[in-house]
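One structure below.
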Amino acid sequence: MRLFTAAAQMRPIPRSPRFVNGAVSFWYRELGRPRRRAPLGGDADYDVCVVGAGYTGLWTAYYLKKEQPDLRVAVLDRHFAGFGASGRNGGWLSAEFPGPRERYARSHGKAAMIAFQRALMRTVEEVVRVAGDEGIDADVHQGGMRLVATNTAQRERLARDIAHLQEWGYWPDDLHMVDPDQDQGVAVDGITAAAYSPHAARIQPAKLARGLADTVEALGVDLYESTTVTEIRPRRGAARPAAVTELGTVHADHVIRATEGYTATMRGLRRDWLPMHASMIATEPVPAELWERIGWQGREVLGDSAHTYVYAQRTADDRIAVGGRGVPHRFGSEPDAEGATPPHTIAELWRSLVRLLPDVAEVPIEHAWSGVLGAPRDWLPTVDLDTGTGLGWAGGYVGSGVATSNLAGRTLRDLLLGRETELTRLPWVGRRVRGWEPEPLRWVGTRVTNGLYRTADRRESGSAGHTSRLAGLAGRISGR
Ligand SMILES: Cc1cc2nc3c(=O)[nH]c(=O)nc-3n(C[C@H](O)[C@H](O)[C@H](O)COP(=O)(O)OP(=O)(O)OC[C@H]3O[C@@H](n4cnc5c(N)ncnc54)[C@H](O)[C@@H]3O)c2cc1C
């Protein structure tokens, strides 16, 4: 029965003969799967040991070594550098931020949150700068970000959101409404409103991860792959902090956890960050005659204003890669490591794409994949270093981690070097958040929330009305 349903879901979707589901991501298919570096060879001793070689871990190692070249830094990864969300994401390098800003303002004041937002905008420039300086070719194109609305409720919400953001650190030049009749950036079907920000760039995520890994290695960081950390131990008396693996134990002055969506698999951290699936599809290259109709010449990253929003990019080789809102892990199940994606998710992403750009309805889909991201209970990312235990961490970016992880890496550098800087004063530093409810409660809650958002989108598209009350209810249940 399940097979039958899956086949029915996939039937209307044009698929390339080269269609692949999983295999980590389309980005690696384009780039080639990396040859693995050697695993840890036994017990070892370092100044700093980073667990996880995604953007968070790699940026932390990068900035540490740049600042203090004699520091002995190791990075350990269960698979290979960039295997996680960092090698699978939508390639939106943007100053976007999850969760309500008011929560940081409550503890640190509004000015601190505004400083955070401004720092994120500068972070987009910083990633582009480092990629250029280090010769990392990650298909970076700084075309900005375009958000669109396609019904009345979305238009109202987009206008309200932009006005709100303009009070929280985005000044009108940084993010503003544009008249879709005057500004034909992308020929989105049924567009009712649009907004634009210059603070975003498109990247090829796996190229950035791979380039960063090569760069930190060249700086003298020891990067061990195929090395699973089973436990992170705090400092206990004279015993130094440690990352324990089956291949040996790494002792260090500080151990940094940079495992984001995988954190719940580690001992004692099950309820810290909810692992959520996010999925993507990529089309075959779109023919030139269709691009003439679609526009998208600026290659800005493109998102919509639905509750179950989508985000898209025009790739360097003229495909469209599109992703959607994350959904929670299936209760009691491990995520598919290779990223195989259920047919209903592929179908949903394809319908969203075609709803926005009906011209691409005939363009075959060539790849579908999924990854895991981490959502804290209050939906706000954190970065911290506990000098008592010697342990630090960063993450909980809820799907906005491409730029944020760079800011986290620079902040961890300052914390590890014992410096008080404008970065260490940002309101996400040192924030402690309560854990998620135990299963099955959190699973049920997040399922209900997702269902409500979907129904709200359907209701809004079928009427000339306002934002559906169901979306508000979903927000209250999820605590967003
Ligand atoms: C499909 C998808 C689309 C997204 N799109 C965007 C986007 O367009 N823009 C944006 O800003 N954000 C996006 N995100 C989020 C963004 O990719 C992440 O927030 C960011 O990459 C997190 O980086 P990280 O280094 O913290 O975690 P990861 O990249 O997940 O890295 C964690 C690493 O830890 C390793 N690891 C895990 N457990 C262990 C262990 N026990 N021992 C050793 N190593 C371990 C993993 O192998 C992995 O390499 C998306 C995420 C997904 C999944």
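A few comments on the model shown:
- Scanning the stretch 40-52 turns up no residue that is free of Cβ contacts under 8 Å to residues at least 12 places away in the same chain and away from the ligand (no atom under 16 Å from the Cβ).
- The numbered conditions (1) in contact (Cβ under 8 Å) with a residue 12 or more places away in the chain; (2) not assigned by TED's automatic domain parsing to the domain that holds Ala105 are all true for Pro172 except (1).
- Against the numbered list (1) modelled with pLDDT under 95; (2) within 21 Å of Gly91 (Cβ to Cβ), Trp350 comes up short only at (1).
- Enumeration of residues in the stretch 421-447 that are farther than 25 Å from Glu102 by Cα and touching a residue at least 24 places away in the same chain (Cβ under 8 Å): Pro438, Glu439, Pro440, Trp443, Arg447
- A single member of Gly392, Gly388 is over 24 Å from the mean Cα position of the chain (by Cα) and touching a residue at least 60 places away in the same chain (Cβ under 8 Å), and it is Gly388.
Conditions (1) at pLDDT below 95; (2) in contact with a Leu (Cβ under 8 Å, 6 or more places away or on another chain); (3) within 13 Å of the ligand (Cβ to nearest atom); (4) not in a strand (DSSP E or B), marked per residue:
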{"position": "Glu217", "(1), (2), (3), (4)": "no, yes, no, yes"}
{"position": "Ile232", "(1), (2), (3), (4)": "no, yes, yes, no"}
{"position": "Val250", "(1), (2), (3), (4)": "no, yes, yes, no"}
{"position": "Ala264", "(1), (2), (3), (4)": "yes, yes, yes, yes"}
{"position": "Met280", "(1), (2), (3), (4)": "no, yes, yes, no"}
{"position": "Trp291", "(1), (2), (3), (4)": "no, no, no, yes"}
{"position": "Thr308", "(1), (2), (3), (4)": "yes, no, no, yes"}
{"position": "Tyr311", "(1), (2), (3), (4)": "no, yes, yes, no"}
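- Residue that is within 18 Å of the chain's Cα centre (by Cα) and within 26 Å of Pro39 (Cα to Cα), where the choices are Leu58, Leu71: Leu58
- The C-beta contact set for the stretch 351-367 (first residue under 15 Å from Glu284 (Cα atoms), second residue surrounded by 20 or more Cβ atoms within 10 Å (Cβ to Cβ) and aromatic (Phe, Trp, Tyr), distance under 8 angstrom, 6+ apart or interchain) comprises Ile365/Trp350; Glu366/Phe26; His367/Phe26.
- Residue, surrounded by the fewest Cβ atoms within 10 Å (Cβ to Cβ), within the stretch 54-69, restricted to residues that are within 16 Å of Arg88 (Cβ to Cβ) and either of a type outside the set (S, T, N, Q) or touching a Cys at 6+ places or on another chain (Cβ under 7 Å) (or both): Gly54
For every residue, the table says whether it meets (1) of a type in the set (Lys, Arg); (2) surrounded by 23 or more Cβ atoms within 10 Å (Cβ to Cβ); (3) farther than 30 Å from Pro39 by Cβ; (4) within 15 Å of the ligand (Cβ to nearest atom).
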site	(1), (2), (3), (4)
Phe80	no, no, no, yes
Ser86	no, yes, no, yes
Asn89	no, yes, no, yes
Leu93	no, yes, yes, yes
Glu102	no, no, yes, no
Ser107	no, no, yes, no
Ala115	no, no, yes, no
Glu134	no, no, no, no
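- Some residue of the stretch 100-110 being at pLDDT below 95 and in a loop (DSSP other than H, G, I, E, B): yes
- Counting only residues that are away from the ligand (no atom under 15 Å from the Cβ), assigned to a loop (DSSP other than H, G, I, E, B) and surrounded by fewer than 18 Cβ atoms within 10 Å (Cβ to Cβ), the stretch 340-377 holds 1 of them.
- Any chance Leu147 is more than 29 Å from Arg33 (Cβ to Cβ) and not aromatic (Phe, Trp, Tyr): yes
- Under the condition of being in contact with a Lys or Arg (Cβ under 9 Å, 6 or more places away or on another chain) and within 16 Å of the ligand (Cβ to nearest atom), the residues counted in the stretch 58-75 number 6.
- Within the stretch 245-268, the set of residues being more than 29 Å from the chain's Cα centre (by Cα) and of a type in the set (S, T, N, Q) comprises Thr249 only.
The values are calculated or read from the model by the stated rules, or taken from the named source; none is laboratory data. Fair warning: this is a prediction, and the values are worked out from it, not measured in the lab. Positions of Cβ are backbone-derived with ideal geometry, glycine not excepted, and every protein chain shown enters the neighbour counts.
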